[in-house]
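The structure appears below as structure tokens.
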Amino acid sequence: MKRTILVIALFAFGAVDGGVAQCSTGSPSSAREIVQQLWSMATWGDLSSDSGWDKASQSFFTKPNPVPRDKSVAIISNEWGPPSERMLDSDSAEVEVGFRDLGQIDSNLRYIPPKPTDAIKMGKSYHLILVPAYLKMYAADGKTVLQQKPTGCQQWEIQGSLDQPWTTVNTAIRYVLERRNRTQDPKIRQNAEATLSKLLTLH
Amino acid sequence: MGQPTTERMGQPPCRVSSVENVATALTANGLIGGGVAYFGHSGTYIDTTINGRISILGVGNGNGGDTNVTFRNVSQLAAVQTANNGSNILGTTTSILINGCRAGLTIYDSYALYETSIAQMISNNTKRGVYAYKVGLYMSLHNASSATSSNYLGEPNPIPYTLPLYYIPEGPPGNKPGPLSFTPQ
């Protein structure tokens, strides 16, 4: 009887954690693909929402962290990557993603240009490790872990924590438009207009 | 895109966009007894995760890691040492000239974890001499010896699509720095 209840609970909460199990057939299984998924979420604007941040932080990182209080969002070029992978040993890898830093948008929707640099290229590197995969069952709030048990598989996770929300220029334009339309503060609306003008010149 | 040219009569330049392309260009064209000249991007790469500076040959325009030659993948160029039936496919007097910005500038390379330049790393891995500049390069209507500008600001903007066009080092007209030489260490 107990076993039946557990199965129903799993279906009810639909709660397998988002990491990628290495022994699951048909699933992406490389460190590179984990980083690709993270950057795809960033491109879609997910990291600038609380739910998207939580999902990315809990799915991909060894040390999930809460949504940052600082609501600034880093802006990067529309074109980034593709991530390149370098295996360090059988259970750790380094993945690099190239992009162009195009500045930030602060919590008042002000555009802050990037610091001048003599660099011709830039990128971000991630250190990933293989860790045991767990099947997690969450409570109705979608956050509280009620139960977890090892699946016997391994999954890649990025060592450390998610540092700052970032997104691409095109998504940043939508981000500013949506927040501008939600506020009645004339100063913030004015900032948004100036920021939009600037973002439209970037790629 | 980087354009290393193998100086073989009748051979077109090889277009390269990744470290694999560079290794192939050097190893798949037979014995190179003259010289190798690279035209393309080079300079500093910033890894924002570690806030570190890395000396690179930016052969590809893309953002993928292997579009750059860095400490992490330059060892792929060591293939030249055995590509000629077990011996170096770059002749004993062959050298590599890097026509790119600051490839010869020694910096603390955050991937290597010591002071070096991509020119030195290429020399170490190919076991051949490398010439490279420690300053930036720019397009000019004049060659280095007759240049009238110190940098690109002294050239027409945009630079006209006419030939000849020269890729010359930054520096005072009449006193342009030459490339530095690097030998295997």
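A few points about this structure:
- Pairs where the first residue, in region B:132-143, is in a loop (DSSP other than H, G, I, E, B) and the second is among the hydroxyl-bearing types (Ser, Thr, Tyr) and modelled with pLDDT under 95, C-beta under 7 Å, 6+ apart: B:His142/B:Thr148; B:His142/B:Tyr166; B:Asn143/B:Tyr166
- Filtered residues of region A:135-173 (kept if outside any strand (DSSP E or B), within 14 Å of another protein chain (Cβ to nearest Cβ) and hydroxyl-bearing (Ser, Thr, Tyr)): A:Ser161
- Members of region A:79-104 found to be of a type outside the set (Gly, Ala, Ser), more than 12 Å from every other protein chain (Cβ to nearest Cβ) and in contact with a His (Cβ under 9 Å, 6 or more places away or on another chain), listed by number: A:Leu102
- A:Lys149 vs. criteria within 21 Å of the chain's Cα centre (by Cα) and farther than 26 Å from B:Arg53 by Cα: no
- Which numbered condition A:Gly152 fails, given (1) surrounded by 14 or more Cβ atoms within 10 Å (Cβ to Cβ); (2) farther than 20 Å from A:Val97 by Cα; (3) in contact (Cβ under 8 Å) with a residue 60 or more places away in the chain: (1)
- Of all residues in region B:65-104, those satisfying the criterion of being of a type outside the set (Ser, Thr, Tyr), outside any strand (DSSP E or B), touching a strand residue (DSSP E or B) at 6+ places or on another chain (Cβ under 7 Å) and within 13 Å of another protein chain (Cβ to nearest Cβ) are B:Gly65, B:Asp66, B:Asn68, B:Phe71, B:Arg72, B:Gly100, B:Cys101, B:Arg102, B:Ala103.
- When B:Gly62 is tested against (1) crowded, with 19+ Cβ neighbours inside 10 Å; (2) outside any loop (DSSP other than H, G, I, E, B), only condition (2) is not met.
- Here A:Asp185 fulfils each of the conditions (1) over 22 Å from A:Ala56 (Cα atoms); (2) in contact (Cβ under 8 Å) with a residue 60 or more places away in the chain apart from (2).
- Every residue from region A:108-134 that is more than 7 Å from every other protein chain (Cβ to nearest Cβ) and at pLDDT below 95: A:Lys115, A:Pro116, A:Leu130, A:Val131, A:Pro132, A:Ala133, A:Tyr134
The values are calculated or read from the model by the stated rules, or taken from the named source; none is laboratory data. In this text, all values refer to a predicted model and were calculated from it rather than measured experimentally. FYI the Cβ positions are ideal-geometry reconstructions off the backbone, even for glycines, and counts take in every protein chain you see.
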